[in-house]
Ligand SMILES: *Cc1c(COP(=O)(O)O)cnc(C)c1O
């Protein structure tokens, strides 16, 4: 047998193989039966295959599952959460348009607007997500897209999503929610609970890198819509920019999805327990977690989240602790590792310098050094002991 015979081997396995896990197809080339089939294939709809970049049974399976989880209809995979933000921006915005971004947004979303969108003649404005009137006042005829985040990044304020979406609906402006925190579990982004007219966002994006993967071992994003026309606009752009994902990574996310609700609930429980513990510590001025009584936007969170939250929160140290001391606190932690991202198996810590990230100090947030904690899957007792020992070194340093 030579190389030709090996490559063109006639064996086809019998049909009917069935297993709990979806099959993994790895392909750039897709083989057509005839020239006419090749000519007629349509990459825009998911009723056939044209090329690996445009979808395989494996990517379609993950897309269908994610769309269902979110309560949407259509889903596209992208190489990262940030690529999903880029995909939405580049598909929907054009020269002369304006995009509105919450002042507490995921930082790279704003950096993209500042550094890249402006080069294409697309302007942006920041709005205060905790003040719907501020958004209403900033919308203009040029506003084409409003980004939403619930809660905001790092400071964790939970906005009144219904009020924000209603304002956009009334003005005919599209809404895109970065729903990484909600993970499709905490609330229904396309059908927000409200009396009267149905209210939902037009588009969601997720960093699948976080909860759906759950293992801190890959980068991927999704874009989900309910509306077919918006989806086709985004899919065209997605196709033209060539944003593909690797089948092995898709497989890992498919595996991660099986345990997503269990991990989400477990990390939520531990995060809230540790957040409550830190509230009792004299070193801490404020705990920023929307599910805590007194958390910023707690009422808005309670009204749509059915008592669910992601396992991530921030704390503000009392102002007598210097940044250097708080940095040392972070380095003293043994189980919480210094690192970005979240929702993986290992707990993480990041000291953020809020004054460098925001145009002004956010309303309702105490002055002091901010530390964000992301809860992994370690035992709650061990994590609390780790926080306690690191706080103790801080106390010693303070004296
Ligand atoms: C991590 C994250 C992203 C970006 O995801 P990547 O896959 O790292 O690009 C976007 N939004 C939020 C809220 C995130 O936490």
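Bear in mind that the values in this text are calculations on the coordinates, not laboratory data. In this text, all values refer to a predicted model and were calculated from it rather than measured experimentally. Cβ: placed from backbone, ideal geometry, glycine included. Neighbour counts: every protein chain shown.
What number results when the radius of gyration of region 19-257, computed over Cα atoms, is divided by 2.2 N^0.38 Å?
1.02
Tell me whether region 215-265 comes out rounded, prolate or oblate; compute the Cα gyration tensor, take square roots of the eigenvalues as a ≥ b ≥ c, and use a/c under 1.5 as the rounded threshold.
oblate
Rounded to the nearest 0.05, what FRET efficiency do residue 293 and residue 95 have when you use their Cβ-Cβ distance and R0 = 45 Å?
For residue 293 and residue 95, the calculated efficiency is 0.45.
Just 54, 232, 240 to compare: in a GNM of the chain, with alpha carbon springs under 10 Å, which one fluctuates most?
Checking each option, the largest mean-square fluctuation is seen for 240.
If r is the Cβ-Cβ distance from residue 276 to residue 338 and R0 is 22 Å, what FRET efficiency results, to the nearest 0.05?
Plugging the Cβ-Cβ distance into 1/(1 + (r/R0)^6) gives 0.35.
Take the alpha carbon atoms of region 260-397, find their radius of gyration, then divide it by 2.2 N^0.38 Å using N residues; give the quotient.
1.01
I want to verify the translational diffusion coefficient of region 1-111 in µm²/s; compute it with Stokes-Einstein, Rh as the Kirkwood radius over Cα pairs, at 20 °C and 1.002 mPa s.
Estimated via Stokes-Einstein, D reaches 119 µm²/s.
Could you order the peptides 13-21, 184-192, 156-164 from most to least packed, using the average number of other C-beta atoms within 10 Å per residue?
156-164, 184-192, 13-21
Sketch the reach of a paramagnetic label on residue 134 as a point 7 Å from Cα along Cα-to-Cβ, and name the residues of region 154-174 whose backbone nitrogen lies under 14 Å away.
Residues passing the 14 Å test: 155-160, 164.
Between residue 2 and residue 120, take the C-beta separation as r, use R0 = 35 Å, and let me know the FRET efficiency to the nearest 0.05.
Efficiency, from the Cβ-Cβ distance: 0.10.
Quickly rank 23-36, 210-223 as a protection proxy: mean count of other C-beta atoms within 10 Å, highest first.
Top to bottom by mean Cβ count within 10 Å: 210-223, 23-36.
Output the direction-averaged projected area (hull surface divided by four) of the convex hull of the alpha-carbon atoms of region 238-309, in nm².
Averaged projected hull area, Cα only: 8.0 nm².
Name the residue, out of 225, 322, 123, whose mean-square fluctuation peaks in a Gaussian network model built on the chain with Cα pairs under 10 Å.
322
Say each of residue 170 and residue 44 gets a label point 7 Å from the Cα, pointing the same way as Cα to Cβ; how far apart are those two points in nm?
For the pair residue 170/residue 44, the computed spacing is 3.5 nm.
Kindly rank 294-305, 76-87 from highest to lowest mean number of other beta carbons found within 10 Å of each residue.
Descending packing order for the listed peptides: 76-87, 294-305.
To the nearest Å, what is the center-to-center distance of region 81-152 and region 211-282, using C-alpha atoms only?
Region 81-152 and region 211-282 have Cα centres spaced 21 Å from each other.
With label points built 7 Å along Cα→Cβ from the Cα atoms of residue 269 and residue 381, find their separation and express it in nm.
Result: 1.5 nm between the two label points.
May I have the pair-distance distribution P(r) for the chain, computed from all Cα-Cα distances with 20 Å bins from 0 and rounded to whole percent?
Taking every Cα pair in the chain, the percentages come to 26, 53, 18, 3, 0.
In region 19-257, what % of DSSP beta bridges are antiparallel (nearest 5)?
So the antiparallel bridges amount to about 40 percent of the total.
To the nearest Å, what is the center-to-center distance of region 38-72 and region 309-369, using C-alpha atoms only?
If we compute the Cα centre of each part, the gap is 40 Å.
Please give the helix 247-279 orientation as an angle from the longest Cα principal axis of the chain, in degrees from 0 to 90, rounded to the nearest 10.
Computed tilt is about 10 degrees.
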